Every structure is written in C-alpha cells, then in structure tokens.
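The values are calculated or read from the model by the stated rules, or taken from the named source; none is laboratory data. Predicted, not measured: the structure shown is a model, and the values here were computed from it. In this analysis, Cβ positions are derived from the backbone assuming ideal geometry, glycine residues included, and neighbour counts consider all displayed protein chains.
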Amino acid sequence: MPDDRAPWESSATGQFDPSAQELSELRELILGPERRRLRELERRLEAGATPEEVADLLPEAIALRAGRDRQLARALAPTVESAIGESVRRNPREIASAIFPVLGPAIRKAIAETLAGLVASINSTIEHSLSPRGLRWRLEAWRTGVPYAQIVLKHALVYRVEQVFLIHTETGLLLSHAWAPDLSASDPDLISGMLTAIRDFVADSFAPERDAGGLRQFSVGELTVMVEQGPRAMIAAVVRGQAPDTLLTKLQDTVETIHLQFSAPLADFDGDTAPLAGVRPLLEECLATVVATGRERTSRRAAWLPWAIAGLLIVLVLGGLAWRSHRRWTGAIARLRSEPGIVLVQAERGGRWSFTGLRDPMAADPSALLAAAGVDTATVEQHWEQYLSLQPQLVLARARAALSPPAGITLALAGDTLRLRGSASLRWFATTARTAGLPPGVAALDLSGVTPDIPPELAGRVADVERERILFGVGSAALDRPARAALTRVAAALVRVQTAAAVLGANATIELAGRTDPTGTDATNQTLSRERAETVLAALAERGTSPADVRVSALGTTQPVAQGNPALNRSVSFTVSLR
Amino acid sequence: MIQKKVCMVGLFGTGKTSLVQRFVHTLFSERYLSTVGVKIDRKQVELDGTSVTLVLWDLAGRDGQEDITTSYLRGAHAILYVADGTRRETCDQLPELRALVREAAGDVPEVVALNKSDLKERWTITDADEQALASTFDLIRTSAKTGDGVEDAFQRIARATLATREARP
C-alpha cells in the first residue's frame with residue numbers, strides 16, 4: 001500500500017522493515033482521522049454534489065436567486081407550464097378543485113355584473129312600455145316602421161352624467177371631481193364624505209360580510225348615482241335620466257385606468273390631492289361621453305324649429321328664385337318691345353324660354369339685349385324674321401350706313417325728307433351724297449344745309465372768276481375792247497376752276513348776272529340786262545368755254561352791285577357754285 | 001389641497017354637535033346623525049401658511065359606546081374626543097372608547113375636548129381627574145357656549161395630522 005505512506009517516509013526507508021509495522025500503527029493512530037477526511041474530501045470533489053446535499057440547499061437557493069433576479073422564473077416557466085398541462089391530462093379533477101376557490105368568485109362577479117346590466121335594460125323597457133311615454137313611443141314605432149325595441153333603445157339613451165366624484169375608499173376624502181359645465185356643484189367634499197358614510201351604512205346594515213361589493217347604485221327621482229368600486233378609490237357618477245349599460249362599463253374602465261396610472265399616488269394618499277390632479281381629465285371623459293347624447297333630449301323638445309327654419313329657408317330661396325326669374329322674364333320682354341326695329345310677336349315660357357318676331361337688320365342684336373336683361377341666352381330659343389322698319393331711328397341708321405357722312409354732318413328726318421347739316425369735304429359732297437341712292441324710307445335729300453369745304457387752291461380760282469366784271473356802255477349790250485379782254489381772262493379762269501373741280505369729282509355751276517343802271521324803264525332795263533348776260537355767254541362759248549351748268553339771270557336794277565355807281569351796275573358778274 | 005379626515009367621538013349629550021356648529025361649514029341637517037349615524041362638516045384651518053381642510057365626521061354618540069359604527073372610523077387621520085366636564089362618566093369611559101376607536105382607526109393623533117368649560121362650577125370631575133386625563137391625552141378645555149378653546153382644538157388637530165404626514169418615510 002504505497003498510498004498509505006507519506007512521500008518523505010518511502011524516500012527515507014526505501015524497503016520493508018519489521019519495526020515499520022509499529023511505526024505504521026502509530027502513524028495510523030495519530031494521522032488516521034485527518035487522512036480519512038482528506039480521502040472523503042477528494043472523493044466528493046471528484047464525484048460532485050449528491051441529491052441529499054442539493055435537497056438541503058434547494059429551498060434556500062431558490063429563495064436567494066428569486067430575490068436577486070427573474071432568471072429562475074424564466075427558466076422554470078416552460079417546465080411549470082408543461083407540468084400543469086401534464087397534470088390536467090392525467091387528472092383534470094385535481095386541478096379543477098385546486099383553482100375553484102379562485103375561479104368561483106371571479107365568475108360570479110362577472111355574471112352578476114352582466115345580469116345587473118341586463119336587468120336594468122329589461123326594467124327600463126317594461127317601465128316605459130306601460131307609461132304614457134311608452135305609448136307615445138309605440139305610436140312612433142308604428143308611424144316610422146322602426147321596431148319598438150329600437151325606439152326604446154333610442155330614448156333610453158337619453159341621459160346626462162352631471163357629476164363624477166373620485167373618492168378615496170378608505171377615508172372618504174374627495175380625490176377629484178368633475179361636473180357638467182352649466183352646473184353649479186356645491187360642497188363636493190362633504191358629499192363625497194357623506195356618500196362614503198352612506199355606502200358604509202348600507203354595507204354595515206344589510207351586508208355585514210366583507211367584500212360584498214358595497215353600494216352599486218341608487219336612484220332619487222330622475223337622478224341615479226352609480227358607484228364603481230376600486231381597491232383604493234371609487235368613482236361615483238350622478239346621472240340624470242336613463243343611464244345606459246355602457247356607462248357602467250365606462251366607469252369600470254375609468255376606475256381601472258386610474259388605478260393603473262396613479263397607483264403610487266393612490267397608495268401614498270394622505271390627504272394631499274395635488275399628485276392626483278391628472279385624474280380630472282379622465283373623470284371629464286365620463287361627462288363628455290354623455291353630454292352629446294344629452295343634447296338629443298333638448299333638441300327633441302324643439303325638433304320642429306330647425307325643420308321650420310329649413311322649410312322657411314327653402315320657401316324663401318325658391319320664392320326668391322321664382323321672383324327673380326319672373327322679373328327677368330318681364331324685363332326681357334319689355335326690353336325687346338321697347339327696342340326700335342324689333343317686333344316681338346310671341347314669347348313663351350315653358351321648359352325653355354322662346355322669343356319669336358321680326359327684326360330689322362339695322363336693329364340691335366336681340367341676344368345682346370337679352371343678356372343685358374340678365375337672361376342666359378344659351379338656354380333661350382329665338383326666331384327672328386327680317387323686315388324693314390320705317391321707324392325714324394332705323395331710317396336714319398340706314399341713311400347713315402348708305403351715306404357714311406363725315407363727322408361734321410348731322411342727319412335729321414322731317415317726314416320723308418332727309419336733311420343734312422354741317423360742313424363736309426367737297427369730294428364727299430360731290431360723290432357720295434350725290435350719287436348714293438336714297439335709303440328706304442327716304443323720299444328726298446335736302447343738302448342745302450351742307451357747306452362744302454372747298455380747298456384753298458380751288459377757292460382761289462373761283463375768286464379769280466368772281467372778281468371779274470364785264471362792263472357795258474350806257475344802253476348798250478355790245479362788248480368793247482376791255483370787256484373782251486376781261487372775257488378772255490374769265491374764260492381761262494373758268495377752265496381752271498372746272499379742271500380743279502373735276503379732279504375732286506365736283507361740278508361747277510356758273511351764274512351770269514346781268515345788270516343795268518337806273519336810267520330807263522324797268523322793262524327796258526330787264527331786257528337789256530338779259531341781252532348783256534347772253535352776250536357774255538355767247539362770247540364765252542366763242543372762247544371755247546361752255547360750262548355744263550350755266551344759269552343766266554337778268555337782274556335789271558333790282559340788285560345793284562354798288563349804289564350810286566352807274567358804270568359798275570352796267571355789267572355782268574359771275575358766281576361760281578361747286579356741287 | 002390638503003384634506004384630512006377627522007372623526008369626532010363622544011358619548012351622547014357631550015355637546016359634540018353644538019361644539020362645532022358655529023365653527024364649521026355645514027351642508028347636512030342633524031337628522032343624519034339619528035338616521036345614518038354620521039354627519040359630515042368641513043373646517044378650514046390655516047396653519048403656518050398651509051391651508052388644511054378638515055373633513056369632520058361627527059359620529060352619533062349614543063348611550064352605549066358599542067353603538068359607534070366602526071366603519072366610519074376607517075382611514076381617519078385624527079380623532080377628536082369630546083367629553084363633558086359636568087358628566088363624569090363621559091370622561092371615565094374615554095380609555096375604553098379609545099381602545100375601540102384605535103381598533104378601527106389605528107394609532108392616529110388624538111385630542112380630547114373637555115367641554116362645557118363655561119359651567120366649571122358644576123363640573124363633577126376634579127382637577128386631579130383632569131390632570132390624570134392630560135397625562136394620557138392631548139387635553140383642551142372648550143366651551144360650545146362661549147367658543148373658548150374650539151379654534152385651538154382644531155388647530156391642534158390639524159397640526160397633529162400634518163406632523164404625522166411629515167413623520168412618514
């Protein structure tokens with residue numbers, strides 16, 4: 001057994017020795033227990049922990065690790081799940097009886113709440129079916145064809161949450177309070193306390209066992225107070241009218257939300273509501289849900305009013321439209337009737353407006369007239385036959401179109417004579433006015449009021465002619481030498497006048513006026529003045545000048561050229577007219 | 001806003017209700033005391049610039065102390081006991097009453113109002129009795145009739161409730 005020897009021993013002795021037996025026993029006596037413990041320790045180190053040892057440590061180890069982090073729970077979860085599954089498969093009854101105490105109350109509570117809601121709605125239906133209001137609703141259902149149940153539902157929804165209290169369950173102190181905007185809420189803190197007291201009172205008086213649920217709901221006249229309990233706070237809603245079941249759910253949700261979001265402030269609540277200020281919007285949501293439906297009730301009372309207003313508006317609008325249309329119609333007809341050159345024969349206002357009649361081509365465009373009267377011409381039918389109107393405006397318009405007078409000329413109609421006045425160029429005067437045909441409705445043209453504008457050059461030539469006097473001896477109609485010379489000048493000047501006038505398209509008319517001195521009888525003088533004028537005419541003809549339009553007048557002594565100058569009056573003078 | 005629930009406890013006829021009537025804001029009538037067994041009032045106390053609203057639960061005092069509805073005591077931040085100096089038994093029963101109250105409300109600040117101080121000559125408790133009470137309670141003499149000590153009692157209650165709040169971790 002070399003193992004039993006210590007290293008120094010074997011190296012010291014080398015081989016077996018009888019006295020070594022005693023030494024070995026001595027060694028065993030002194031070092032034996034330590035050796036055995038050492039061997040045991042070695043064995044343990046090699047073999048690892050035994051189940052017995054783990055069993056000793058396990059509870060403490062689990063507690064230690066669970067307190068440190070969640071690793072243990074995570075690691076165990078799948079095993080626990082499959083273990084439960086296995087257990088249920090093997091013996092369902094065992095696990096059912098184990099969880100029954102937990103499940104029972106939970107299921108009971110859920111069923112009780114559902115039934116409470118159901119009973120509330122059944123109650124309200126029964127109640128309403130027997131009341132006068134119920135009869136009215138039946139009538140409404142019959143009238144509208146909507147099922148009675150739906151009508152009841154519709155009216156049962158008419159309610160309003162007026163106040164919502166959040167109350168600390170333990171102390172009854174008011175945590176938060178919300179109320180309808182048009183309501184004055186007085187002393188909510190006292191009401192909150194009293195509500196808690198009454199809840200306790202009811203619980204103590206009628207349901208002494210704990211966790212009976214407490215006061216859920218009570219009604220006073222039209223008001224119902226709905227209470228929803230939470231572990232630390234309860235919510236109480238004051239509802240006017242028929243509260244729907246959804247409101248209960250809403251309150252439950254709100255209580256749960258508040259407990260979730262404000263769990264720390266609720267747990268630490270010691271009278272200071274400041275950390276719970278954020279609760280108020282949640283309570284206000286309970287109000288807001290209902291104000292909208294509450295409005296339906298007030299609107300029902302005055303339901304006819306909006307309809308009446310709408311009806312009145314429609315009537316007003318339609319009436320306004322009809323009146324406007326009528327005004328347009330009469331306006332359009334009056335406009336067409338008053339227009340010269342348009343004769344309205346027929347006007348119809350069926351589906352489309354239609355106008356039939358006569359129209360002078362010179363008259364205004366009927367479409368433009370209708371448009372000016374506010375009529376949409378695209379939707380109007382028009383049939384116009386052409387005709388000639390003898391109304392003065394149209395006659396003048398036609399004349400204007402035919403003559404195209406320059407700006408200085410005005411046209412006027414006197415009976416069937418067209419009178420022109422003003423000044424115009426000689427060219428227009430000589431061509432257009434003279435050659436244009438008379439427009440329909442005009443029988444005669446009076447141009448006497450028109451002064452032709454004669455160009456200066458032509459006017460100078462005319463003056464050359466008119467300046468000349470052919471003088472005669474006493475009682476003579478014979479031409480002497482100076483007279484013949486003058487005639488030669490006149491003849492040349494006349495030719496120049498005629499040439500210039502012809503260029504402008506005008507005609508020159510020459511008037512030869514013969515005169516005498518006062519001696520002798522008027523009859524003689526008359527004859528003598530004619531002889532003198534004709535002598536001049538003949539002499540002009542001799543000189544190759546034969547004006548197309550020549551008038552000879554024998555004035556005798558009637559229009560003397562100069563008083564007291566017999567020599568000047570024994571003469572022939574020239575007047576040139578340009579036409 | 002800081003609110004505190006204060007329960008007023010005392011035997012029947014100790015003048016509990018009349019003690020506070022002139023000093024508090026009342027909404028409910030006294031009928032509540034005989035029906036529901038509690039009447040709730042409010043007392044506003046200004047304390048070093050802090051406004052404290054004391055919600056006073058006036059618990060109906062009946063002939064037997066066991067009649068007190070202990071649910072009403074739950075969550076109280078302080079208790080105001082009211083005893084009647086002219087009726088010795090109202091003082092004698094205070095320790096028992098206190099035990100009952102503490103069972104429901106826990107260990108909260110307490111103030112004892114020894115009422116009817118205006119009728120000192122008719123008191124049936126001696127100065128020694130009063131000394132003994134003062135050794136276990138925060139005692140203050142009050143008079144519903146003259147109003148002596150009432151405001152002081154509320155001040156002390158309010159201060160005590162705030163002190164416990166601050167003392168909390």
Condition first: more than 8 Å from chain A (Cβ to nearest Cβ) and either among the hydroxyl-bearing types (Ser, Thr, Tyr) or free of Cβ contacts under 8 Å to residues at least 24 places away in the same chain (or both). Now tell me which residues in the range B:3-30 satisfy that.
B:Thr14, B:Thr17, B:Ser18, B:Thr26, B:Ser29, B:Glu30
Would you confirm whether or not the range B:80-103 contains a residue that is within 14 Å of chain A (Cβ to nearest Cβ) and touching a residue at least 24 places away in the same chain (Cβ under 8 Å)?
no
Which one of the conditions (1) under 29 Å from B:Thr70 (Cα atoms); (2) at pLDDT below 85; (3) within 14 Å of chain B (Cβ to nearest Cβ) does A:Gly193 fail to meet, given that it meets all the rest?
(2)
Report yes if A:Arg551 is at pLDDT 80 or above and buried (at least 16 other Cβ atoms within 10 Å of the Cβ), otherwise no.
no
Kindly establish whether A:Thr557 is surrounded by 15 or more Cβ atoms within 10 Å (Cβ to Cβ), over 30 Å from A:Thr431 (Cα atoms), modelled with pLDDT under 85 and polar (S, T, N, Q).
yes
In the range A:373-401, which residues are touching a helix residue (DSSP H, G or I) at 6+ places or on another chain (Cβ under 9 Å), at pLDDT below 85 and not in a loop (DSSP other than H, G, I, E, B)?
A:Thr377
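Table: residues versus (1) at pLDDT 75 or above; (2) surrounded by 11 or more Cβ atoms within 10 Å (Cβ to Cβ); (3) more than 14 Å from chain B (Cβ to nearest Cβ); (4) in a loop (DSSP other than H, G, I, E, B).
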| site | (1), (2), (3), (4) |
| --- | --- |
| A:Glu127 | no, yes, yes, no |
| A:Trp137 | yes, yes, yes, no |
| A:Leu166 | yes, yes, no, no |
| A:Asp189 | yes, yes, no, no |
In the range A:170-187, which residue that is at the interface with chain B (Cβ under 8 Å from one of its Cβ atoms) and either buried (at least 20 other Cβ atoms within 10 Å of the Cβ) or not acidic (Asp, Glu) (or both) is farthest from the chain's Cα centre (by Cα)?
A:Thr171
Restricting attention to the range A:460-485, and to residues there that are among the charged types (D, E, K, R) and in contact (Cβ under 8 Å) with a residue 40 or more places away in the chain, which single residue is surrounded by the most Cβ atoms within 10 Å (Cβ to Cβ)?
A:Arg469
Looking at (1) modelled with pLDDT under 80; (2) more than 23 Å from A:Arg108 (Cβ to Cβ); (3) away from chain B (no Cβ under 13 Å), which one does A:Gly213 not meet, given that it meets all the others?
(2)
Across the range B:118-131, what is the total count of residues that are under 18 Å from B:Lys16 (Cα atoms) and part of a helix (DSSP H, G or I)?
3
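Residues are listed down the side, and each one gets a yes or a no for (1) modelled with pLDDT of 80 or more; (2) surrounded by 11 or more Cβ atoms within 10 Å (Cβ to Cβ):
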site	(1), (2)
A:Asp69	no, no
A:Thr79	yes, no
A:Ala83	yes, yes
A:Ser87	yes, yes
A:Arg90	yes, no
A:Glu94	no, no
A:Ala106	no, no
Determine whether A:Leu251 is under 19 Å from A:Pro188 (Cα atoms), part of a helix (DSSP H, G or I) and either within 14 Å of chain B (Cβ to nearest Cβ) or modelled with pLDDT of 85 or more (or both).
yes
Return the residues of the range A:426-448 that are at pLDDT 80 or above and either part of a strand (DSSP E or B) or in contact with a Ser or Thr (Cβ under 9 Å, 6 or more places away or on another chain) (or both); say none if nothing qualifies.
A:Gly441, A:Val442, A:Ala443, A:Ala444, A:Leu445, A:Asp446
Subset of the range A:449-480, residues over 18 Å from A:Thr499 (Cβ atoms) and assigned to a strand (DSSP E or B), comes to A:Gly449, A:Val450, A:Thr451, A:Asp453, A:Arg469, A:Ile470, A:Leu471
Quick check on the range B:78-87. Is at least one of its residues touching a Pro at 6+ places or on another chain (Cβ under 7 Å) and either modelled with pLDDT under 85 or part of a loop (DSSP other than H, G, I, E, B) (or both)?
no
Given the residues A:Val152, A:Val161, which is the only one that is at pLDDT below 80 and either among the β-branched types (Val, Ile, Thr) or in a helix (DSSP H, G or I) (or both)?
A:Val152
Tally, over the range B:109-138, of residues that are surrounded by 19 or more Cβ atoms within 10 Å (Cβ to Cβ), of a type in the set (A, V, I, L, M) and within 19 Å of B:Val20 (Cβ to Cβ)
4
Of B:Ala134, B:Ala104, B:Ala99, B:Ala113, the only residue that is within 25 Å of B:His77 (Cβ to Cβ) and not in a helix (DSSP H, G or I) is B:Ala113
Among the residues that make up the range B:31-38, is at least one of them within 14 Å of chain A (Cβ to nearest Cβ), over 18 Å from B:Ala144 (Cα atoms) and of a type in the set (Phe, Trp, Tyr)?
yes
Those residues of the range A:415-425 that are farther than 17 Å from A:Ala399 by Cα and not in a strand (DSSP E or B) come to a total of 0
Please work out if A:Ser529 is touching a Gly at 6+ places or on another chain (Cβ under 7 Å) and crowded, with 18+ Cβ neighbours inside 10 Å.
yes
